[in-house]
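K.L.:
If you scroll down you'll find the structure; I have some questions about it.
The values are calculated or read from the model by the stated rules, or taken from the named source; none is laboratory data. From a predicted model like this one, the values you see are computed outputs, not experimental measurements. Here the Cβ positions follow ideal geometry from the backbone for every residue, glycine too, while neighbour counts run over all protein chains shown.
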Amino acid sequence: MLKTIVTLIMYLFIVTPLLAQSSDISDSTYYSQIPDYPRSYTAGSVASRMVDGLGFRFYWATDGLRPEDLQFKPGDDARTVSETVDHIFEMSYLVVNAINKESQYPPSDLSFAQKRLLTLSNLRKASEVIRNSSDKDLEGYAIKFGNGTELPFWNLINGPISDALWHCGQIVSFRRLSGNPFNSYVSLLNGRLRK
């Protein structure tokens, strides 16, 4: 009997934290591959997949960036890679705030690694909520600005989500120009690393 109790206690202390880690929203490798696609096509599952595509692209666009890559910009009138990451970071807050009906502001004075992790976490949180959302739920996911302006979910798609995708492409181009090209084993079509 004592052996059974000890075994149960060991299970609780060893296995339970491992299970919790696998579903941890801040798992930094979550978007290293795109999540499995949903079983059915719904408005929520399609919108969620768009956010997952963004998470996957952002993960790999920013993976392995060096300090010199972060400071790179192709011309005087362009943003640096670091400034572009900041912009995507801010847009991830627009997305997750609309989905969670909150108005949190991005924290300041964070390192690149912290911004990257928070961006990926925000996208994952938003995707997980959107995935199981009804059409009625989607209607309630509005972008709200401090001046009282409110825009519907449609603008979330063609605004921050699409804009962040655009900027991921910029990061990929800029890192190539700074001598640190995008991982050639990444398959954007399949959402996995090629072997």
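Residue by residue, here is whether (1) of a type outside the set (Lys, Arg); (2) modelled with pLDDT of 95 or more holds:
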position: SER111; (1), (2): yes, yes
position: GLU128; (1), (2): yes, yes
position: ASP135; (1), (2): yes, no
position: LYS144; (1), (2): no, no
position: ILE157; (1), (2): yes, yes
position: GLY169; (1), (2): yes, yes
position: VAL172; (1), (2): yes, yes
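K.L.:
Oh, and also: Go through region 127-153 residue by residue and tally those that are assigned to a helix (DSSP H, G or I) and not β-branched (Val, Ile, Thr). Let's see the steps before the verdict.
P.N.:
Residues of region 127-153 that are assigned to a helix (DSSP H, G or I), as a first pass: 127-131, 135-139, 153.
Among the residues that remain, those that are also not β-branched (Val, Ile, Thr) are: 127-128, 131, 135-139, 153.
So the answer is 9.
K.L.:
If you don't mind, another one. Quick one: which of LEU151, LEU189, LEU156 is among the aliphatic types (A, V, I, L, M), crowded, with 18+ Cβ neighbours inside 10 Å and more than 30 Å from GLN71 (Cβ to Cβ)? It would help to see each step written out before you state the result.
P.N.:
Numbers: LEU151 fails: crowded, with 18+ Cβ neighbours inside 10 Å; LEU189 fails: crowded, with 18+ Cβ neighbours inside 10 Å.
Criteria check complete, one pass: LEU156.
K.L.:
For the subset of region 60-93 comprising residues that are part of a helix (DSSP H, G or I) and either of a type in the set (D, E, K, R) or at pLDDT below 95 (or both), which member is farthest from LYS144 (Cα to Cα)? Steps first, answer last, please.
P.N.:
Step one: filter region 60-93 for residues part of a helix (DSSP H, G or I), giving 60-62, 67-70, 81-93.
Remaining after also requiring either of a type in the set (D, E, K, R) or at pLDDT below 95 (or both): 68-69, 83, 86, 90.
On the way: GLU68: 36, ASP69: 33, GLU83: 23, ASP86: 20, GLU90: 14 Å.
Result: GLU68.
K.L.:
Would you point out which residue out of SER127, SER134, SER108 is surrounded by fewer than 17 Cβ atoms within 10 Å (Cβ to Cβ), in contact (Cβ under 8 Å) with a residue 12 or more places away in the chain and among the small types (Gly, Ala, Ser)? Spell out how you get there, then give the answer.
P.N.:
Numbers: SER127 fails: surrounded by fewer than 17 Cβ atoms within 10 Å (Cβ to Cβ); SER108 fails: in contact (Cβ under 8 Å) with a residue 12 or more places away in the chain.
Going through SER127, SER134, SER108 in turn, the sole match is SER134.
K.L.:
Out of LEU189, LEU165, LEU156, LEU120, I need the residue that is within 18 Å of the chain's Cα centre (by Cα), part of a loop (DSSP other than H, G, I, E, B) and under 27 Å from SER32 (Cβ atoms). Which one? Explain how you work it out, then say what you get.
P.N.:
Values: LEU165 fails: part of a loop (DSSP other than H, G, I, E, B); LEU156 fails: part of a loop (DSSP other than H, G, I, E, B); LEU120 fails: part of a loop (DSSP other than H, G, I, E, B).
The conditions single out LEU189.
K.L.:
Sticking with this structure for a sec: Here are SER121, SER178, SER162: which of them is polar (S, T, N, Q), closer than 20 Å to ALA61 by Cα, touching a Lys or Arg at 6+ places or on another chain (Cβ under 9 Å) and at pLDDT 95 or above?
P.N.:
Working: SER121 fails: touching a Lys or Arg at 6+ places or on another chain (Cβ under 9 Å); SER162 fails: touching a Lys or Arg at 6+ places or on another chain (Cβ under 9 Å).
Sole residue among the options that is polar (S, T, N, Q), closer than 20 Å to ALA61 by Cα, touching a Lys or Arg at 6+ places or on another chain (Cβ under 9 Å) and at pLDDT 95 or above: SER178.
K.L.:
Which of (1) under 16 Å from the mean Cα position of the chain (by Cα); (2) in contact (Cβ under 8 Å) with a residue 60 or more places away in the chain does GLY44 not meet, given it meets every other one?
P.N.:
Evaluating GLY44 over (1) under 16 Å from the mean Cα position of the chain (by Cα); (2) in contact (Cβ under 8 Å) with a residue 60 or more places away in the chain leaves (1) as the failure.
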